[in-house]
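Undergrad: To start, I am sharing the structure in question, which I have written as structure tokens.
The values are calculated or read from the model by the stated rules, or taken from the named source; none is laboratory data. This is a predicted model, so every value here is computed, not measured. Glycine gets a Cβ as well: all are built from the backbone with ideal geometry, and neighbour counts include every protein chain shown.
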Amino acid sequence: MASREQFSSRLGFVMAAAGSAVGLGNIWGFPTQTASNGGAAFVLVYFIMAFCLAYPALMAELIIGRHARANIVTALRGIAPNKPLRLAGTAVGLYGTLVASLILSFYGIVAGWMLAYLLESITAMFGWTGFSEWLLSFGLTRNLLFMGLFMLLTMGIIASGIAAGIERWSTRLMPLLLVIMVSLIVYVMTQKGALEGLKVYLLPDLEQIHPQLILDAMGQAFFSLSLGVGTMLVYGSYLSNEASLPRLGAAVTLVDAGIAFIAGLLIIPAIYVAKEHGANIFDASGELIAGPDLIFQVLPALFDSMGQVGLLVAFAFFTLMSIAALTSSISMLEVPVALATEETPASRRQATLVIGGLVFACSSLILLNFDTLFGFIITLTTVYSQPLLGLMLCVFAGWVWHRNSLLQAIQAGHPNIENTLFWKIWPHYVKYLCPVLILTTLVRSLTS
């Protein structure tokens, strides 16, 4: 049996894991949730929740993954002590793999829109009006073409392997993402209206801290780190035994939360700059416009109002969004590809081609039935399935896996872990408190 690939450096792992976590939802979801939930008050609660909920759940995935050195199905099956629990582990793993694939199927569509808008910022520079109008349309041909192009980019990276594919491109793209984001922040801060947005984002309204805000921050922290579908478990399986998992997990959580915060420094002031240029930034309920409407309506209106400079700003912004999409999509595709390469005779390239083709077919089906399937798939996967899978992974780490085996798995790379505050708190936390917090979030999403 060939030796299993690993990340060649700890920095490479942190960049890849942070890239998985930093996606489109981070850049448009976190800032607008912040602005709609008390500004700095939400940021404060979010950072607390990132380490009280997301970090312990992330550790569960990383520890199981590195111990098993396998895909999510084999990993969960391997730590189960009896046949019924092994069957349960197989079922959870297969469902996680399916959910990761379904998330990628709608994610590829949205990422394709980013690529189309990125290309439009170039065609607009050359005055190719007809081509620009086609790129901004919502036609089936455009959507299929750019979704397919994005899937080819994702498949190309995954087919190249861990060190030569995921790690190499993550260590290139993540610093580029930060450079573009900071450059855009510097530019936006010079515009009229930016200070108003900055005040909304940074000045706390402590009276707005209420149970719903706490639950919103909890949900954002959980989804922010791509938890529940096995991406972090699979990435953890490529770590060496010399790495300290608690430290690496903390680094990933800090980088992800930090980039989300920096994204807020860009998006919220940019929204208020758009307001100064005549754009409507509030929806019918009086909340700040978020999600696709923000990215494809409010901000493009801002770029258009800036003249020639706006074309360059639009190019930088949609490059940023495309990078964020790509670093997340490669982790999603790696989940089913890892399963296929380890459980079937298929090579990495063969598995990538077949699974990428299946995801493309699923995305095409969604596009052909967009009004019916697009929102349904998003709700099924991110609102319901991710918390449920995250709950099950915490149950496997806290209840199914024997405590001594769990300790031995963490001691690799951190021999004195038994004497640390982490070991005194985390096993009980992931066993009792994490499931309660995740269940609370899940119940809220079911009843809201």
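Undergrad: Taking the conditions exactly as written (more than 22 Å from Arg349 (Cβ to Cβ) and at pLDDT below 90), does Pro246 satisfy them or not?
TA: Working: more than 22 Å from Arg349 (Cβ to Cβ): yes; at pLDDT below 90: no.
Answer is no for this residue.
Undergrad: Suppose we filter Ala35, Ala57, Ala16 for residues that are among the hydrophobic types (A, V, I, L, M, F, W, C) and more than 30 Å from Asp205 (Cα to Cα); which single one remains? Walk me through it before giving the result.
TA: On the way: Ala35 fails: more than 30 Å from Asp205 (Cα to Cα); Ala57 fails: more than 30 Å from Asp205 (Cα to Cα).
That would be Ala16, the only listed residue that is among the hydrophobic types (A, V, I, L, M, F, W, C) and more than 30 Å from Asp205 (Cα to Cα).
Undergrad: Is it the case, given these coordinates, that Ala243 is within 19 Å of Ala412 (Cα to Cα), more than 15 Å from the chain's Cα centre (by Cα) and assigned to a loop (DSSP other than H, G, I, E, B)? Reasoning before the result, please.
TA: Numbers: within 19 Å of Ala412 (Cα to Cα): yes; more than 15 Å from the chain's Cα centre (by Cα): yes; assigned to a loop (DSSP other than H, G, I, E, B): yes.
Answer is yes for this residue.
Undergrad: Turning to a different aspect of this structure: Which of (1) under 25 Å from Leu203 (Cα atoms); (2) buried (at least 19 other Cβ atoms within 10 Å of the Cβ); (3) within 21 Å of the chain's Cα centre (by Cα) is the odd one out, the single condition Leu254 does not satisfy?
TA: (2)
Undergrad: Can you list residue pairs whose Cβ atoms sit under 6 Å apart, with the first residue in region 275-303 being closer than 15 Å to Ala194 by Cβ and the second being loosely packed, with under 12 Cβ neighbours inside 10 Å and at pLDDT 75 or above? Count only pairs 6 or more apart in sequence or on different chains.
TA: Glu276/Lys192
Undergrad: Taking the criterion of being more than 23 Å from Leu102 (Cβ to Cβ), over 21 Å from the mean Cα position of the chain (by Cα), surrounded by fewer than 23 Cβ atoms within 10 Å (Cβ to Cβ) and of a type in the set (S, T, N, Q), would at least one residue in region 165-176 satisfy it?
TA: no
Undergrad: Applying the selection to region 232-266, what residues are among the β-branched types (Val, Ile, Thr) and over 19 Å from Thr441 (Cβ atoms)?
TA: Residues of region 232-266 among the β-branched types (Val, Ile, Thr): 234, 252-253, 255, 259, 262.
Listed by number, the residues that qualify are Val234, Val252, Val255, Ile259, Ile262.
Undergrad: Would you pick out the residues in region 196-226 that are under 17 Å from Asp256 (Cβ atoms), hydroxyl-bearing (Ser, Thr, Tyr) and part of a helix (DSSP H, G or I)?
TA: Listed by number, the list holds a single entry, Ser224.
Undergrad: Give the residue, chosen from Leu373, Leu439, Leu365, Leu446, that is over 25 Å from Leu76 (Cα atoms), surrounded by fewer than 16 Cβ atoms within 10 Å (Cβ to Cβ) and touching a Leu at 6+ places or on another chain (Cβ under 9 Å).
TA: Details: Leu373 fails: surrounded by fewer than 16 Cβ atoms within 10 Å (Cβ to Cβ); Leu439 fails: over 25 Å from Leu76 (Cα atoms); Leu446 fails: touching a Leu at 6+ places or on another chain (Cβ under 9 Å).
Step by step, each of Leu373, Leu439, Leu365, Leu446 is checked, and only Leu365 is over 25 Å from Leu76 (Cα atoms), surrounded by fewer than 16 Cβ atoms within 10 Å (Cβ to Cβ) and touching a Leu at 6+ places or on another chain (Cβ under 9 Å).
Undergrad: OK, next. Against the condition hydrophobic (A, V, I, L, M, F, W, C) and surrounded by fewer than 16 Cβ atoms within 10 Å (Cβ to Cβ), how does Val234 come out, does it pass? Working first, answer last.
TA: Details: hydrophobic (A, V, I, L, M, F, W, C): yes; surrounded by fewer than 16 Cβ atoms within 10 Å (Cβ to Cβ): no.
It is false that Val234 is hydrophobic (A, V, I, L, M, F, W, C) and surrounded by fewer than 16 Cβ atoms within 10 Å (Cβ to Cβ).
Undergrad: The conditions are (1) within 19 Å of Met232 (Cα to Cα); (2) aliphatic (A, V, I, L, M); (3) touching a residue at least 40 places away in the same chain (Cβ under 8 Å), and Ala91 fails exactly one of them. Which is it?
TA: (3)
Undergrad: If you check Val110, Val186, which single one turns out to be surrounded by fewer than 16 Cβ atoms within 10 Å (Cβ to Cβ) and closer than 22 Å to Asp256 by Cα?
TA: Just a single option satisfies the conditions, and that option is Val186.
Undergrad: Take region 329-345 and flag every residue that is more than 22 Å from the chain's Cα centre (by Cα) and within 15 Å of Gly65 (Cα to Cα).
TA: Taking region 329-345 as the starting set, the residues that turn out to be more than 22 Å from the chain's Cα centre (by Cα) are 340-345.
Within region 329-345, just Glu342 meets the criteria.
Undergrad: Continuing with the same structure: Select, from Ala40, Ala100, the only residue that is touching a residue at least 60 places away in the same chain (Cβ under 8 Å) and either of a type outside the set (A, V, I, L, M) or surrounded by fewer than 23 Cβ atoms within 10 Å (Cβ to Cβ) (or both).
TA: Working: Ala100 fails: either of a type outside the set (A, V, I, L, M) or surrounded by fewer than 23 Cβ atoms within 10 Å (Cβ to Cβ) (or both).
Sole residue among the options that is touching a residue at least 60 places away in the same chain (Cβ under 8 Å) and either of a type outside the set (A, V, I, L, M) or surrounded by fewer than 23 Cβ atoms within 10 Å (Cβ to Cβ) (or both): Ala40.
Undergrad: Here's another thing I want to ask about it. Can you find a residue that is of a type in the set (Val, Ile, Thr) and not in a helix (DSSP H, G or I) anywhere in region 269-291? Before the answer, list the steps.
TA: The first filter runs over region 269-291 and keeps only residues of a type in the set (Val, Ile, Thr), leaving 271, 273, 281, 289.
If we keep only those that are not in a helix (DSSP H, G or I) as well, we get 281, 289.
Yes, region 269-291 has at least one match.
Yes/no matrix, rows are residues, columns are (1) under 19 Å from Gly230 (Cα atoms); (2) modelled with pLDDT under 85; (3) over 19 Å from the mean Cα position of the chain (by Cα):
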| position | (1), (2), (3) |
| --- | --- |
| Gln386 | yes, no, no |
| Asn419 | no, no, yes |
| Trp426 | no, no, yes |
| Pro435 | yes, no, yes |
| Val443 | no, yes, yes |
| Thr447 | no, yes, yes |
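Undergrad: Does region 68-81 include one or more residues that are among the polar types (S, T, N, Q) and buried (at least 22 other Cβ atoms within 10 Å of the Cβ)? Working first, answer last.
TA: The initial filter retains those residues of region 68-81 that are among the polar types (S, T, N, Q), namely 71, 74.
Those still in the list that are buried (at least 22 other Cβ atoms within 10 Å of the Cβ) too: 71.
The answer is yes; a qualifying residue exists.
Undergrad: Sticking with this one: Inside region 1-83, counting only helices (runs of 4 or more DSSP H) that do not spill past its ends, which hold 3 or more residues that are out of contact with any helix residue (DSSP H, G or I) (no Cβ under 8 Å at 6 or more places or on another chain)? Before you say what the answer is, go through the steps one by one.
TA: Details: elements: 10-21, 24-36, 40-49, 55-68, 72-79.
Of the helices (runs of 4 or more DSSP H) lying wholly inside region 1-83, none has at least 3 residues that are out of contact with any helix residue (DSSP H, G or I) (no Cβ under 8 Å at 6 or more places or on another chain).
Undergrad: When residues of region 291-329 are filtered for being in contact with a Phe, Trp or Tyr (Cβ under 7 Å, 6 or more places away or on another chain) and of a type in the set (Val, Ile, Thr), how many remain?
TA: Qualifying residue count for the region: 2.
Undergrad: Can you tell me which residue is nearest to Asn280 (Cα to Cα) among those in region 169-195 that are part of a helix (DSSP H, G or I) and in contact with a Pro (Cβ under 9 Å, 6 or more places away or on another chain)? Break it down into steps so the answer makes sense when it comes.
TA: First, the residues of region 169-195 that are part of a helix (DSSP H, G or I): 169-188, 194-195.
Within this subset, residues satisfying the condition of being in contact with a Pro (Cβ under 9 Å, 6 or more places away or on another chain) are 185, 188, 194-195.
On the way: Ile185: 21, Val188: 18, Ala194: 15, Leu195: 18 Å.
Step by step, filter region 169-195, then rank; the result is Ala194.
Undergrad: Then there's this: Consider region 263-279. How many of its residues are surrounded by fewer than 24 Cβ atoms within 10 Å (Cβ to Cβ) and of a type outside the set (Gly, Ala, Ser)?
TA: Qualifying residue count for the region: 4.
Undergrad: Return the residue satisfying two criteria in turn: it lies in region 295-309 and is of a type in the set (A, V, I, L, M) and assigned to a helix (DSSP H, G or I), and of such residues it is nearest to the chain's Cα centre (by Cα). Before you say what the answer is, go through the steps one by one.
TA: Applying the first criterion (of a type in the set (A, V, I, L, M)) to region 295-309 yields 295, 298-299, 301-302, 306, 309.
Still in the running and assigned to a helix (DSSP H, G or I): 295, 298-299, 301-302, 309.
Working: Ile295: 17, Val298: 23, Leu299: 22, Ala301: 27, Leu302: 26, Val309: 30 Å.
Ranking the qualifying residues of region 295-309, first place goes to Ile295.
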